[in-house]
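Engineer: Questions regarding the structure given below will be posed in turn.
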Amino acid sequence: MNMKMYLPAPALLLALLLGACTQAPSGPLYRPSGTLPRCDQPSFSEYTAETRNWIEANRHFLTEDRAAEIAANTPFELRPASAGAPRRGILLVHGLGDSPGCFADVAQALARQGFLVRAMLLPGHGSRPADLMLPDIDDWRAAVGHQVRLLEAEVDEVWLGGFSTGANLVTAHAIRSGSVSGLVLFSPGFVPRSKRLPLAPVASIFMDWLDIDEPTGNYMRYESLTANAAALYYKSTVEVRRLLRERGFPGPALIVMSDADSVIDPAGVLSLFEAHFTNPESRFIWYGTPLRTAPPRVVVRPGRIAAERISSFSHMCVLFAPDNPYYGRAGRLLMLENGQSTASVDLKRENVWFSAYGHVEPDKYHARLTWNPYFSELMAAIGALTNAP
C-alpha cells in the first residue's frame, strides 16, 4: 500500500486539518533532484560557483530566460566601493521557498553603507519545490553557521539579516554564538498565524505536499509547499522563541513588518521584541494602523496609501524598492493570485489596488503589494542603527 495515497485514519485527519495535498502531478517540479548542493566550501567564491553549477544542472526552469533564473537563485556577494578591506560584513538569509535574489535591493543599499554583503541559498532551494523534501533543520543550521564563519574570517564586525524563516535562523544563530554585532530582520517568522502548524512535523511523516499551485512563471520563489518544508519552518519557530525566552538578544536589532501580514502574527513578534530585544538602540518598524500605545522604540508608518492604491502591506513587500525591475511598481511581475476571484475584472495594472494576501474591499481588486514605498526610509534606519557613514 502506498502511504502517500492511502492514509491511515490519524494521517487522514491531519491531512484534513491541514488542507493538505497528498498527491502531486507527475512533472519535474514535483520530483526531487535527489541531491543537495554542498554548503561547506572553504571560500564564498567556491560556494557561489559550485552552487551555481548545481542550480544549472538541477533546476526546472519556468521561463525562457534561464540566465535570469540562475542569477536570482545563486548566492551572491557585493563589496563596498571604498578602497581597502571592508571592516564589517552582513550575511543575508532568505525565507521559506524564496531565493537570494529577494535581497537584491537591500544588498545594494547595504554595500553603499560600507558592508561586505553576502546572500546565501538555504539547502532545498533554487531548483524545484520538491527539493524541500530533502533537507532537515540541521542542514539549514549548518549552512548558516558555515557562512557566518567564512564572513568572520574576513571582517571585524559581523551582522546578520534574514527574511521570514531566514530571520528565525539568523536570530537563533546570533543568540547561540554570542558574537554577532547586530540583526536586521524583515518580517521575521517568530510567531506563525496558523494554529495548525504544530501538526506539520507529524503530517510530513505521511505525506509529501501541503499545497500545490500551478506555476505562474515567478522564478524568484517556489509556489508549492512540501510538508517537510512546513515542518522545518515550525521547528525554526520553536527554537528561536525558546532561545529568545532563555537568553534574549542584547545587541542592536531592527525588525520591520506589516500589521496585515498574512503569514506571521505581528502582535506576537512585537511582544517578543519588547521583552527580549533589550538593546535601547533597537527599533521595530510597524507598517499599518497606529498602535493604541506605541512603545518608545517602535516607529509606525501608515499601511494605507490611497494615492498609490495601497490598502495594506504584505509579508514580502518590505524587501523591495519601488523601482525593483521584477517586483516594483512597474515591475515585470504583477502578483494577481491574492486570494480573490479574477472573474469579470479588468486586470490591467492601472486598475488594481495592492495589499497583503486576502485583503478584500467592495469594488476593488487587490493584487499583492510587492514593493515597499518606505524602502529608502527603511534603509536609512538600518544605516542609523549600524552607524553607517
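Engineer: Among the numbered criteria (1) over 21 Å from Arg221 (Cβ atoms); (2) touching a Ser or Thr at 6+ places or on another chain (Cβ under 7 Å), which single criterion is violated by Asn351?
Structural biologist: (2)
Engineer: Looking for something within 30 Å of Thr216 (Cα to Cα), within 14 Å of the chain's Cα centre (by Cα) and open to solvent by 10 Å² or more (accessible area, probe 1.4 Å) - is there at least one such residue anywhere in region 81-99?
Structural biologist: Yes - at least one qualifying residue is present in region 81-99.
Engineer: Take Ser271 and tell me if it is open to solvent by 30 Å² or more (accessible area, probe 1.4 Å) and over 25 Å from His173 (Cβ atoms).
Structural biologist: So Ser271 does not fit the description; no.
Engineer: A follow-up question, please. Applying the selection to region 172-206, what residues are of a type in the set (A, V, I, L, M, F, W, C), under 18 Å from Leu244 (Cβ atoms) and open to solvent by less than 10 Å² (accessible area, probe 1.4 Å)?
Structural biologist: Ala172, Ala174, Leu183, Val184, Leu185, Phe186, Phe190
Engineer: Related question: Quick check on my filter: what residues within region 130-144 are out of contact with any His (no Cβ under 6 Å at 6 or more places or on another chain), assigned to a helix (DSSP H, G or I) and open to solvent by less than 10 Å² (accessible area, probe 1.4 Å)?
Structural biologist: Ala130, Asp131, Leu132, Trp140, Ala143
Engineer: Being of a type in the set (Val, Ile, Thr) and part of a helix (DSSP H, G or I) narrows it down to one residue among Val148, Val117; which is it?
Structural biologist: None of the other options fit; the residue is Val148.
Engineer: Of all residues in region 207-223, how many are open to solvent by less than 30 Å² (accessible area, probe 1.4 Å) and within 16 Å of Val263 (Cβ to Cβ)?
Structural biologist: Number satisfying all stated conditions: 2.
Engineer: Could you list all residues from region 152-166 that are part of a helix (DSSP H, G or I), surrounded by 23 or more Cβ atoms within 10 Å (Cβ to Cβ) and not polar (S, T, N, Q)?
Structural biologist: Scanning region 152-166 gives a single hit, Gly166.
Engineer: Another question about this same structure. Under the condition of being at pLDDT 95 or above and assigned to a loop (DSSP other than H, G, I, E, B), which residue from region 238-262 is nearest to the chain's Cα centre (by Cα)?
Structural biologist: Asp261
Engineer: Related question: Select from region 30-47 the residues that are surrounded by fewer than 19 Cβ atoms within 10 Å (Cβ to Cβ) and either outside any loop (DSSP other than H, G, I, E, B) or aromatic (Phe, Trp, Tyr) (or both) and list them in ascending order.
Structural biologist: Ser45, Glu46
Engineer: Going by the conditions given, is Gly251 in contact (Cβ under 8 Å) with a residue 24 or more places away in the chain, on the phi > 0 side of the Ramachandran plot and open to solvent by 10 Å² or more (accessible area, probe 1.4 Å)?
Structural biologist: no
Engineer: Considering Glu64, Glu69, Glu77, which residue is open to solvent by 30 Å² or more (accessible area, probe 1.4 Å), touching a Phe, Trp or Tyr at 6+ places or on another chain (Cβ under 9 Å) and either free of Cβ contacts under 8 Å to residues at least 60 places away in the same chain or not in a loop (DSSP other than H, G, I, E, B) (or both)?
Structural biologist: Exactly one residue qualifies, and that residue is Glu77.
Engineer: Yes or no: Ser164 in contact with a Pro (Cβ under 9 Å, 6 or more places away or on another chain) and either modelled with pLDDT under 95 or among the small types (Gly, Ala, Ser) (or both)?
Structural biologist: So Ser164 passes the test.
Engineer: For region 107-129, which positions are in contact with a strand residue (DSSP E or B) (Cβ under 7 Å, 6 or more places away or on another chain), over 16 Å from His146 (Cα atoms) and crowded, with 24+ Cβ neighbours inside 10 Å?
Structural biologist: Correct list: Leu110, Phe115, Pro129.
Engineer: Let me ask something additional. So which residues in region 251-267 are polar (S, T, N, Q) and over 15 Å from Ser194 (Cα atoms), if there are any at all?
Structural biologist: Of everything in region 251-267, just one residue is polar (S, T, N, Q) and over 15 Å from Ser194 (Cα atoms), namely Ser258.
The values are calculated or read from the model by the stated rules, or taken from the named source; none is laboratory data. In this text the structure is predicted, and so the values were computed from the model without any measurement. Every residue, glycine as well, gets a Cβ built from its backbone with ideal geometry; the counts of neighbours run over all protein chains shown. Ligands, DNA and RNA are stripped out before the accessible areas are found, and what is left, the full protein with its side chains, is counted by its heavy atoms. Shrake-Rupley method; radii C 1.70, N 1.55, O 1.52, S 1.80 Å.
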